[in-house]
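What follows is a single structure, written as C-alpha cells, with notes after it.
The numbers here are math on the coordinates, done by the rules we state, and not lab data. This structure is a prediction, so every number in the text was calculated from the model and none was measured. Because the Cβ atoms are built from the backbone with ideal geometry, glycine has one as well, and the counts that use them run over all protein chains shown.
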Amino acid sequence: MSSTDKVFAGSIPKIYDEYLVPLIFAHYAADLARRIAALVPTTVLETAAGTGAVTRAVTAALPPDVRYIATDLNEPMLAVAAQRQSEDPRVTWRQADATALPFDDAGFDVVCCQFGAMFFPDRVKGYAEAKRVLRPDGTFVFNVWDRIAENVFADDATRVLAKVFPDDPPRFMARTPHGYHDKAVIKAELEQAGFRHVAIETLAGVSRAPTPEYVAFAYCQGTPLRNEIEARDASKLQAATDALAEDIRTRHGPGPVEARIQAIVIEARR
Ligand SMILES: C[S@@+](CC[C@H](N)C(=O)[O-])C[C@H]1O[C@@H](n2cnc3c(N)ncnc32)[C@H](O)[C@@H]1O
C-alpha cells in the first residue's frame, strides 16, 4: 500500500460523500444494516466509518436504546459524517485506528466495518482488535470489494489513467480497494485472529449515475486516486477526469450510466 492510499482529507471527504456513497457504497450499507439489525445488538462499534454511510443506514434500523460508536482513522471523514447525521443521542464519533482500538475488552455486541479492511496495514491485527472488543457471543460484520474486473467503473478508471500517465500509472484502485478479495486468505486471517465461525458470501450490485462526468468526478476527485494524480501532475487533475468521462461516455453511453459492482460480505464469530 502506498502512503497516500489511506489519506482521505482535503477535498476528498465531501466529494466522496456526495458522489461515491450514492454510486457504490449505499447499496452495501443497506445490506450491512439488514444483517446488523437481525443480530439485535445493544452496543455497536463501527470502524473505518468514513462519512457515515453505514452509520446512517444501521442507526435507522436499530431501536432508541442502542449505543453506537462510529470511528475512523481520518478525522476529516468523521467531520462530514457528523454533519450529515441527524441529531442522534445514540451515536458517538471518535477518531480511532481499527488496528489499535481505544476500547476495553468485550464491550460490543457487533463490530462492523464497510470497505475498510483493505486499508489496514496489518489485517490480522485489525481482526484481533475487533475480536478483543467483542462480547463472547458477538459478531464482526464487514465487507471488502471483489476483484477490480468485477467492478467496472473502477476498472475503467484504472485503464484510462494508465493512458494519461503511461510512465507511472496510478494503481490505487487495483492495489488497495480491490486488492484484498481472496476468500481463503480472508478466512485464514480471521482464524489467525481467533475467529472460529466465518461465513463469507459474494454480493453483486449495480452502480448508477446520471452522467459519465459524475462517475469520473467521483473516482478521480473523491478518492485517494486524487492524491496519486496530484502527486504526478496536479495541473492534470481535470484533464484526467475529462479523459475518464470521455471513455465512460464511449463505453456506457451519454447517461444515465450503470455498471456492475461486486463485493464480499463476511460475518465472523468468536
Ligand atoms: C473506502 S472508505 C470506507 C468508508 C465507509 N465505511 C463507507 O462505507 O463509506 C475507507 C475508510 O477507511 C478509513 N481507514 C483507513 N485506514 C484505517 C485504519 N487503519 N483504521 C480505521 N480507519 C481507516 C479511511 O479513513 C476511510 O474513511
*Are any residues in segment 169-212 hydroxyl-bearing (Ser, Thr, Tyr) and without any contact (Cβ under 8 Å) to a residue 60 or more places away in the chain, and if so, which ones?*
THR211
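Applying the selection to segment 241-270, what residues are assigned to a strand (DSSP E or B) and more than 30 Å from ARG132 (Cβ to Cβ)?
Within segment 241-270, VAL257, GLU258, ALA259, ARG260, ILE261, GLN262 qualify.
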*Do you know which residues across segment 207-240 are part of a loop (DSSP other than H, G, I, E, B) and either of a type in the set (D, E, K, R) or over 17 Å from VAL7 (Cα atoms) (or both)?*
PRO210, THR211
_Unmet criterion (only one of (1) outside any helix (DSSP H, G or I); (2) free of Cβ contacts under 8 Å to residues at least 60 places away in the same chain) for ALA149_ = (1)
_Residue under question is ASP97, and the condition is that it be of a type in the set (Asp, Glu) and under 23 Å from TYR19 (Cα atoms); does it hold?_
no
*For segment 12-20, does any single residue satisfy the condition of being more than 18 Å from the chain's Cα centre (by Cα), surrounded by 16 or more Cβ atoms within 10 Å (Cβ to Cβ) and more than 11 Å from the ligand (Cβ to nearest atom)?*
no
*Filter segment 171-188 for residues that are surrounded by fewer than 18 Cβ atoms within 10 Å (Cβ to Cβ) and either of a type in the set (Val, Ile, Thr) or over 18 Å from SER3 (Cβ atoms) (or both) and give the result.*
ASP182, LYS183, ALA184, VAL185, LYS187, ALA188
